[in-house]
Structure formats: structure tokens, C-alpha cells
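As C-alpha cells, the structure follows; a few thoughts come after it.
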Amino acid sequence: MTDKTLIDGTANPDNLSSDAMRWTPEPEQPAVSVADLFGEVIHGCSRADALADGVLVAVGEDIPREAGFAVPVALTAAAWADCVAWTDEDNRQTCQDESGRLWDVLWMTHDAVRRSDGGRSCTVELYRVPRDGESQEGEQTWLLATCGPDGDGEPVITISLPNED
């Protein structure tokens, strides 16, 4: 055998040693289920249940489509309360409305998704006037946009506060 031929007779144009390309597969590891890692599920909640219970707030089809989304979008109730909710009483701080605030959230989320690395979730930087009865300037906040399946396996986007599960 020459330096250019490996043990099995294949060519070795890089002049590697005879054992340089040997590979031994590692033994297969047993499959581990989520239940094995975390225990049995205590309580499960579908997206439809979360929408019905008000834990998620569905956004109609028109505004997300205008903002560039091709899939359904929902916000958690906490994200909605922090970044979208606005009443006439809140206008004593500064004049805004919910539809404008929702547009800002969706536009900034779409921009963050477009600039992301294509993963399952991305962070969204947003400036919004907090509902504290006094503020008139936008303050920085962060949201989390996650793409996942709905109950039928179709893709949907959920926008939440970063610390929400």
C-alpha cells in the first residue's frame, strides 16, 4: 500500500496517514421524552383555549397583513396591556390610540423578524409611552416574537413580554 491509498483501497490525494479517515460511530443514545426530562404534564393549554380565556389577544387579519405578516398574529394579554392598550382617559398624557400603538408593535415586530437570523423567535425593540398618567415621551421596552404551530400545526406568531412563558 502506498501513501496515496487508504486501507480500503480508496485514493488518498491529501497524503493522510492510513488511519486519518477512520471513523467509529458512537453508540446510539436512547431517546429521551419531554416527560422523562420534566415529568408528566400538569396542565396543558391550547392556543384556542388561551384566546378564549383572554390570555392571548388575537389581532385581526387586516393590520398584520398590512404590516407584512402572512400568518395569524396574537399578543399576550400582558404585552397588549403594556404596549397597545390606550383609552381616552390616557390621552391626558399624550394623544394616541390603540390602533396606532398596535400598528407600531406590528411594524417593529415585522422589522425585527425580517432582520433576524431566521430562528423560531426574536427580540423586538420598541419605544412606547407607558400608561402611567404622566409620561409623554416613549420609553424603550422589549418584546419577544415567537413563531410556532397552532392547534392544527399551521404557523402563527405570538408577541409577548420577554419574561412570559
Do we have any residue at all in segment 70-79 that's assigned to a loop (DSSP other than H, G, I, E, B) and open to solvent by less than 50 Å² (accessible area, probe 1.4 Å)?
-> yes
Report yes if residue 33 is modelled with pLDDT under 80, surrounded by 10 or more Cβ atoms within 10 Å (Cβ to Cβ) and of a type in the set (Ser, Thr, Tyr), otherwise no.
-> no
Residue count, segment 95-140 (criterion: open to solvent by 80 Å² or more (accessible area, probe 1.4 Å) and within 18 Å of the chain's Cα centre (by Cα)) = 6
How about segment 141-156: which of its residues are over 15 Å from the mean Cα position of the chain (by Cα) and either exposed (fewer than 10 other Cβ atoms within 10 Å of the Cβ) or assigned to a loop (DSSP other than H, G, I, E, B) (or both)?
-> 151, 152, 153
May I ask you to verify whether residue 92 is of a type in the set (D, E, K, R) and under 21 Å from residue 140 (Cβ atoms)?
-> no
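I'd like to check something: does segment 8-22 contain any residue that is outside any loop (DSSP other than H, G, I, E, B) and either aliphatic (A, V, I, L, M) or modelled with pLDDT of 70 or more (or both)?
Step one: list which residues in segment 8-22 are outside any loop (DSSP other than H, G, I, E, B), which gives 11.
Retained after the next criterion (residues that are either aliphatic (A, V, I, L, M) or modelled with pLDDT of 70 or more (or both)): 11.
There is at least one residue in segment 8-22 that is outside any loop (DSSP other than H, G, I, E, B) and either aliphatic (A, V, I, L, M) or modelled with pLDDT of 70 or more (or both).
The values are calculated or read from the model by the stated rules, or taken from the named source; none is laboratory data. These numbers were taken from a predicted model, which means no experiment stands behind them. No Cβ is skipped: glycine too gets one built from the backbone with ideal geometry, and neighbour counts run over all protein chains shown. Areas reflect the complete protein model, heavy atoms only, side chains present, ligands, DNA and RNA absent. Shrake-Rupley method; radii C 1.70, N 1.55, O 1.52, S 1.80 Å.
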